[in-house]
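Q: Quick one: the structure is below, questions incoming.
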Amino acid sequence: MKNIYKEFIKKIRDKDPVLAEKVEAAICHETLRKVVVVFKGNKNIDPEVVDAIKAYTARGGNLASKFLWNMAKKKKLLNWVAKQTNKKDILYRGLSFSEAKWNKIYEEWINPGVKHIISELESFSRDPRRVFGYGSGGDICVRISLTGKNYADISKYSIYPEEKEVLFKAGTKYIIKSAEFKRPGALYVEAKEI
């Protein structure tokens, strides 16, 4: 945000903090609408899609109140992701399960040939080092390495670009190729989009 806006908001905040918050959100939103973001060479990405990506990636974090996630944004993002295709790449996801839940579902993760379907938006990362940190707190951590191409790279529009996040299309199918416990409580799964 430009310094002139920051100074203006600071003056308002001293008198009316609630109004300052609304003005700051309005400036951020309007700035976002005016920005032309280039995606995939010559194609422009709709600013409303950028807003939806920011809201999706802000969910549950400090910025969730600035980028509100709702059904209209979810629909916009689902439609946009459905139109994206990329070159094949290896992408990573971390999951965490309690021991009780793991005992009910482990066969769908450890047996080669088991198929999975992504039902809605499902995020993965290009960075394998990031994935064991997500969903921490469970007894069993699963790291999935998925080779696929039906995803949209949202990292350059994300609130957290360092996560190198991508979203897979709803309906994307993948199959477990191998699974191995490389250390106690840590399952490494290799999967491939089908």
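A short reminder: the numbers here are calculations on the coordinates, not readings from a lab. All values derive from a computational prediction rather than experimental measurement. Reconstructed Cβ throughout: ideal geometry from the backbone, glycine too, with neighbour counts over all protein chains shown.
Q: Reachable aspartates and glutamates from K11, Cα under 16 Å, same-chain residues fewer than 8 places away excluded?
A: Output for K11: E21, E24.
Q: If Lys and Arg each add +1 and Asp and Glu each add -1, what is the summed charge of the other residues whose beta carbon sits under 13 Å from the beta carbon of G148? Don't jump to the answer; show the numbers that get you there.
A: Details: positive: K87, K88, R93, R126, K149, K169, K173, K177, K192; negative: D89, E122, D153, E190, E193.
That works out to +4.
Q: Along its principal axes, what span do the Cα atoms of segment 140-194 show, with the longest given first and each in whole Å?
A: Over segment 140-194, Cα extents along the principal axes are 36, 26, 14 Å.
Q: Same structure, new question: Within 13 Å, Cβ to Cβ, of K182, how many net charges do the neighbouring residues add up to if Lys/Arg are +1 and Asp/Glu are -1?
A: On the way: positive: R143, R183; negative: E180, E190.
Taking every Cβ under 13 Å from that of K182, the sum is 0.
Q: Could you check the simple spin-label distance between T85 and L121, using points 7 Å along Cα→Cβ, in nm with one decimal?
A: With each label point 7 Å from Cα toward Cβ, the separation is 2.3 nm.
Q: Which three extents, in whole angstrom, do the alpha-carbon atoms of the chain cover along their principal axes, largest first?
A: Largest to smallest, the principal-axis extents are 60, 39, 27 Å.
Q: Pop the C-beta distance of E190 and K10 into the FRET formula with R0 = 35 Å and round what comes out to the nearest 0.05. Walk me through the numbers on the way to the answer.
A: Values: r = 52 Å, r/R0 = 1.49.
That gives a FRET efficiency of 0.10.
Q: Please work out how much length the chain gains when fully extended from E162 to R129, using 0.36 nm per residue of separation minus the C-alpha to C-alpha distance, in nm with one decimal.
A: Details: separation 33, 0.36 × 33 = 11.88 nm, distance 1.14 nm.
Gain on stretching E162 to R129: 10.7 nm.
Q: Continuing with this model, one more query. Who wins for biggest fluctuation among V114, V142, V18 in a Gaussian network model of the chain, springs between alpha carbons below 10 Å?
A: Among V114, V142, V18, the largest GNM mean-square fluctuation belongs to V18.
Q: Same structure, new question: Near K101, which lysines are there with a Cα under 27 Å away, not counting those fewer than 8 places off in the same chain?
A: K115, K169, K173, K177, K182, K192
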